[in-house]
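Colleague: Okay, here's the structure, questions in a sec.
Only the coordinates and a few stated rules stand behind these numbers; no lab work does. Quick caveat: nothing in here was measured; it's all calculated off a predicted structure. FYI the Cβ positions are ideal-geometry reconstructions off the backbone, even for glycines, and counts take in every protein chain you see.
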Amino acid sequence: MTHLSELYKCRVCENVVEVVRQGVGTLVCCDESMILLEEHQANIDDAHYAHIEHLDDITKKIEFNHPMTKEHYLEFIEVVSNDGKYIKRKHLKIDEKPELTFKCECREGFYVRVYCNIHGVMVTK
Ligand SMILES: [Fe+2]
């Protein structure tokens with residue numbers, strides 16, 4: 001059984017997929033069950049922690065103090081509203097500044113998650 005917004009990875013080819021509609025089946029890639037990428041909480045002094053600036057009522061800017069080298073980088077940043085109605089994802093390139101500006105009322109609040117090529121899925125709630 002999958003759940004909305006979960007991330008799964010293939011052990012063989014390293015495909016990563018996100019669930020956009022949950023179901024009872026098991027996700028399979030390269031003839032193997034895909035592994036659920038567990039989310040880990042980022043601490044405020046952690047490079048994976050999202051520093052959030054509220055620019056106005058609905059506009060927010062997120063920044064990270066994370067390296068963006070070939071060896072260690074953030075593959076993407078995602079903003080997910082707590083009511084599940086809003087998701088914004090930005091894919092990043094090597095040497096690109098890891099930041100994202102977005103507009104969302106997000107009345108129920110939101111959380112931010114990143115996918116680091118070394119540390120996996122890190123969340124700021
Ligand atoms: Fe990292």
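Colleague: Ile35: net charge of surrounding residues, Cβ under 10 Å, Lys/Arg +1, Asp/Glu -1, itself excluded?
Modeller: 0
Colleague: While we're here: Can you tell me what share of the DSSP beta bridges in the chain is antiparallel? A percent to the nearest 5 is fine. List each step's numbers first, then the result.
Modeller: Details: 33 of 36 bridges.
For the chain, the DSSP antiparallel bridge percentage is about 90.
Colleague: State which entries of Lys60/Lys85; Lys70/Lys97; Lys9/Lys125; Lys61/Lys93 exceed 20 angstrom in Cα-Cα distance in the structure shown.
Modeller: Working: Lys60/Lys85 17 Å; Lys70/Lys97 13 Å; Lys9/Lys125 23 Å; Lys61/Lys93 18 Å.
Over 20 Å Cα-Cα: Lys9/Lys125.
Colleague: How many angstrom separate the Cα center of segment 61-108 from the Cα center of segment 20-34?
Modeller: Taking the Cα centre of each part, segment 61-108 and segment 20-34 sit 25 Å apart.
Colleague: Please state, rounded to one decimal and in Å, the Kirkwood hydrodynamic radius that the chain gives when every pair of distinct Cα atoms enters the mean of 1/r.
Modeller: Averaging 1/r across every pair of different Cα atoms and inverting gives 15.4 Å.
Colleague: Turning to a different aspect of this structure: May I ask you to evaluate 6.51 cos²θ - 1.76 cosθ + 1.60, the Karplus curve with θ = phi - 60°, for each residue of segment 28-40 and list the ³J(HN,Hα) values in order in whole Hz, giving x for glycine and proline?
Modeller: After applying 6.51 cos²θ - 1.76 cosθ + 1.60, I find 10, 9, 6, 6, 10, 5, 6, 9, 6, 7, 6, 8, 10 Hz.
Colleague: Let me ask something else. Treating only the Cβ atoms of Lys and Arg (+1) and Asp and Glu (-1) as charged, compute the dipole magnitude of the chain about its Cα centre; round to the nearest 20 debye.
Modeller: Rounded to the nearest 20 debye, it is 300 debye.
Colleague: Whose amide H sits under 5 Å from the amide H of Tyr86, counting only residues 5 or more places off or on another chain, with H placed in the peptide plane?
Modeller: Ser81
Colleague: Follow-up. Within the set of other residues whose C-beta is less than 10 Å from the C-beta of Lys61, count the net charge using Lys and Arg as +1 and Asp and Glu as -1.
Modeller: -2
Colleague: Explain nothing, just compute: Karplus ³J(HN,Hα) = 6.51 cos²θ - 1.76 cosθ + 1.60, θ = phi - 60°, for every residue of segment 73-89 in order, whole Hz, x for Gly and Pro.
Modeller: Result, ordered by residue: 7, 8, 7, 7, 10, 10, 10, 10, 6, 5, 8, x, 8, 9, 9, 10, 10 Hz.
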